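Accompanying notes for the structure given below.
The values are calculated or read from the model by the stated rules, or taken from the named source; none is laboratory data. In this text, all values refer to a predicted model and were calculated from it rather than measured experimentally. Here the Cβ is made from the backbone with ideal geometry for all residues, glycine too, and neighbour counts use every protein chain on show.
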Amino acid sequence: MVTVVVPATSANIGPGFDALGLALGLYDEVTVRVTARSGASVEIVGEGADELSRDESHLVVRTLLAAFDRFGVSPPGFSVSCVNAIPQSRGLGSSAAAIVAGVLAAATLAGQGDDLRHPDLRADLLALASDIEGHPDNVAACLLGGFTIAWTDEGSAHAVRLEPAPGLEALVFVPADGLATTTARGMLPSLVPHQDAAHAAGRAALLVEALTRRPDLLLAATEDRLHQSYRAPAMAATAALVARLRADGIPAVVSGAGPSVLAPCVEGALSSAAGLAGPDWAVRRLGLDLEGARASITSG
């Protein structure tokens, strides 16, 4: 039996579209037990318990099957127990967490548990998780922790991990209703003005400095022209909250594809930000996760 703990993540962080990711101190816990009975069973507690499937269409199960095939193992059957704290369909990496949990559990059960920190295995896990997710930004942050820069080269995913600036935290504003990532992606244009692309390149580069050494630059560094305005009609309340927070000097962005809002800040700036949300938002103050996904083997 293997238990995997996986952090929530926030991708993009403003201008770093499909490239930058941040691991947050909010976790799902997935336990996979090999059984003699064929097939898969799923138990779910917490977020998504009333809406997620409990059969082989569950994302963790689908990932496990793909990963077992990749690692050349075929257990007779398995059960999956999910204790979920990451909100579903809110732009906080719930699907990436499920996928990373599946690939990491499969690798551990395939006998590679002692090598999970080896760069080659981590690269294999990132590539497999990215193939399943469709893009590497969230899965990279979930797998590696901290602040990550991810990219694809000839169809293969890669990532580097950077250490966030000391004292950096995150305020997350979560609405009651979710938004499918496919819906948010469908609102993006196929082309953007060259001026906006140049702006994004400069701000994304500045964002690396801001998140790792100069949090005082976060307001300027998180300004986005690539995706948030195009998605605003599908999440008007999110766009309004981002505007309200930024007008007050808080570096707020849409978290991933939304509709949650992320505000990375040093401690002193968080108290004023929380009061600007209003009653329709669940506000959570989170530390950053610096370890990434981790697995432990137990008997039973």
Matching strands (runs of 3 or more DSSP E) fully within the stretch 250-300 where at least 1 residues are touching an Asp or Glu at 6+ places or on another chain (Cβ under 9 Å) and at pLDDT below 95: 261-266, 281-286
Pair list, Cβ under 6 Å, 6 or more apart: the stretch 168-184 residue within 28 Å of Val208 (Cα to Cα), other residue part of a loop (DSSP other than H, G, I, E, B) and among the charged types (D, E, K, R): Val174/Arg90
Where Leu109 falls short, out of the listed (1) surrounded by 21 or more Cβ atoms within 10 Å (Cβ to Cβ); (2) at pLDDT 95 or above; (3) over 24 Å from Gly25 (Cβ atoms); (4) not acidic (Asp, Glu): (2)
Residue that is surrounded by fewer than 17 Cβ atoms within 10 Å (Cβ to Cβ) and under 18 Å from the mean Cα position of the chain (by Cα), where the choices are Thr212, Thr183: Thr183
Any strands (runs of 3 or more DSSP E) falling wholly within the stretch 58-170 and containing at least 2 residues that are under 17 Å from the mean Cα position of the chain (by Cα) and small (Gly, Ala, Ser): 156-162
